[in-house]
Amino acid sequence: MSKPIIATTSLAGCFGCHMSILDIDERILQLIELVEFNKSPVDDIKTFTKPVDIGIIEGGCCNSENVEVLKSFRKNCKILISLGECAIMGGLPALRNGIPIEECLHEAYINGPTVQLNKTGIMPNDDELPMLLDRVYPCHEIVKIDYFLPGCPPRADLIWDALVALITGDPMKLPYEVIKFD
Amino acid sequence: MSNLIKFKIDGVECMTERGKFIVEAALENGIFIPTLCNMPGVKPKGSCRICTVKINGRLMTSCTTPVADGMEIESNSAEINELRKSIVELLFVSGNHFCPACEKSGNCELQALGYYYQMMVPRYPYEFPLREVDASSPHIIKDQNRCILCKRCIKTIKDEEGKSFFAFHDRGHRLEVVLDKEMGSQMSEALAEEAMKNCPVGSILKKEKGFNQAIGSRKFDKKAIGSDVKL
């Protein structure tokens with residue numbers, strides 16, 4: 001049997017969850033034996049080249065590009081995992097939820113205390129830039145998500161145990177220390 | 001000893017004095033029933049419903065129900081635990097509980113209950129309400145994003161005349177717990193400290209007090225809520 005294939009992405013996240021994946025330390029050698037990576041920042045494959053078994057999503061959806069990537073993950077992956085608080089509930093980017101976008105942009109580019117050189121009051125408006133959404137959405141409010149691993153970042157042991165449980169089909173151990181929201 | 005009565009929690013024989021509430025009596029017998037709005041020594045209110053148990057087929061709050069002789073209580077069952085978990089989830093989605101950025105994280109009772117019931121994600125949609133932060137008083141930050149309206153601060157933080165520093169303001173979905181501006185400006189540091197301690201979440205913070213415990217050494221980092229309850 002061929003190895004299960006994994007894809008990962010970071011949407012509106014800080015890459016902390018990906019750092020936590022690397023935090024499995026020397027078990028990363030075992031992981032390479034167990035799985036093959038497809039589209040992921042880990043191997044820098046930019047597009048899906050084959051059907052994927054497990055898709056790991058870091059970060060919520062704050063713009064149109066996040067939504068597009070998330071939908072392509074749903075289309076190409078059998079199982080999707082929301083990894084970390086941002087994917088699960090929007091996380092810190094979602095602090096802007098409830099505040100109108102215009103106000104946020106004005107604070108960032110015009111009225112903010114650290115803005116000094118924007119005399120003409122220009123805001124990012126290039127067509128190439130993804131559109132901001134009205135608020136930051138948890139991933140499971142955009143597509144169906146199969147599993148959730150909380151934490152900021154999720155503990156490396158939680159990620160490792162979840163992946164091994166998914167690949168081997170064994171029940172998952174969930175010791176108290178690994179489920180944390182911070 | 002006619003004052004002693006017998007009762008059962010999940011089939012375990014227990015004994016207590018007549019007149020005690022189920023939550024207290026359970027603790028005496030080494031059984032943990034989770035609570036949020038309830039505090040030992042303060043008149044119970046039964047508003048958060050976390051301590052719900054089943055007696056005679058009916059759901060009741062164990063912080064407000066006195067034990068009766070021969071009572072049979074169902075507490076740690078799949079049905080009751082699922083109900084309690086759903087309450088925790090509702091509290092998480094109805095406020096803005098950003099655990100990674102919260103000063104109370106690791107010491108928060110709501111978060112600890114999330115861990116206790118292994119809440120991986122709330123089953124309800126997030127509301128993301130727009131709420132204010134009041135930092136106008138010299139020692140207190142009152143963050144409405146995190147308030148669960150338990151009333152513990154209203155009931156316990158009082159001046160010498162018994163007047164509460166905190167009070168309910170407005171009604172319905174606009175209801176919030178506010179700190180009285182004038183009284184807040186007179187509040188001592190010790191009382192501010194106590195207010196922060198009595199708040200089950202991170203809604204009441206003492207200024208210059210956040211993030212002063214390392215991750216791993218906080219109250220609920222390694223030990224689950226209720227794990228210290230023993231006979």
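The values are calculated or read from the model by the stated rules, or taken from the named source; none is laboratory data. What you see is a predicted model, and the numbers here were worked out from it, not measured in a lab. As a convention, Cβ positions derive from the backbone with ideal geometry for all residues, glycine included, and neighbour counts pool all protein chains shown.
One table, with the values for the structure above:
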{"quantity": "Residue match in the stretch A:67-75 (condition: of a type in the set (Val, Ile, Thr) and within 14 Å of another protein chain (Cβ to nearest Cβ))", "calculated": "no"}
{"quantity": "Looking only at the stretch B:107-128, and only at residues there that are in a loop (DSSP other than H, G, I, E, B) and of a type in the set (Ser, Thr, Tyr), the one that is nearest to the other protein chains (Cβ to nearest Cβ)", "calculated": "B:126"}
{"quantity": "Breaking point among (1) within 14 Å of chain A (Cβ to nearest Cβ); (2) over 19 Å from the mean Cα position of the chain (by Cα); (3) of a type in the set (S, T, N, Q), for residue B:136", "calculated": "(1)"}
{"quantity": "Among (1) over 24 Å from residue B:121 (Cβ atoms); (2) in contact with a Gly (Cβ under 8 Å, 6 or more places away or on another chain); (3) of a type outside the set (Val, Ile, Thr), the one test that residue B:98 misses", "calculated": "(1)"}
{"quantity": "Residues within the stretch A:1-15 that are farther than 19 Å from residue A:63 by Cβ and small (Gly, Ala, Ser), tallied", "calculated": "2"}
{"quantity": "Residue satisfying condition, being free of Cβ contacts under 8 Å to residues at least 24 places away in the same chain and surrounded by 13 or more Cβ atoms within 10 Å (Cβ to Cβ), within set A:132, A:117, A:149, A:95", "calculated": "A:95"}
{"quantity": "Of all residues making up the stretch A:1-58, the number that are closer than 19 Å to residue A:145 by Cα and among the basic types (Lys, Arg)", "calculated": "1"}
{"quantity": "Near pairs, Cβ below 7 angstrom, 6+ apart or cross-chain, from the stretch B:93-106 (more than 8 Å from chain A (Cβ to nearest Cβ)) to any residue that is in a loop (DSSP other than H, G, I, E, B) and among the β-branched types (Val, Ile, Thr)", "calculated": "B:95/B:148; B:104/B:201"}
{"quantity": "Count of the stretch B:129-181 residues which are outside any helix (DSSP H, G or I) and either touching a residue at least 12 places away in the same chain (Cβ under 8 Å) or of a type in the set (Ser, Thr, Tyr) (or both)", "calculated": "36"}
{"quantity": "Qualifying positions in the stretch B:179-231 - charged (D, E, K, R), assigned by TED's automatic domain parsing to the domain that holds residue B:102 and closer than 26 Å to residue A:179 by Cβ", "calculated": "B:197"}
{"quantity": "The listed residue being more than 14 Å from chain A (Cβ to nearest Cβ) and closer than 19 Å to residue B:39 by Cβ, out of B:87, B:73, B:80", "calculated": "B:87"}
{"quantity": "Every residue from the stretch B:196-207 that is in contact with a His (Cβ under 9 Å, 6 or more places away or on another chain), more than 9 Å from residue B:104 (Cβ to Cβ) and not in a strand (DSSP E or B)", "calculated": "B:207"}
{"quantity": "Cross-chain or 6+ apart pairs with Cβ under 8 Å, the stretch B:207-231 first and facing chain A (nearest Cβ under 9 Å), then loosely packed, with under 10 Cβ neighbours inside 10 Å", "calculated": "B:222/B:216"}
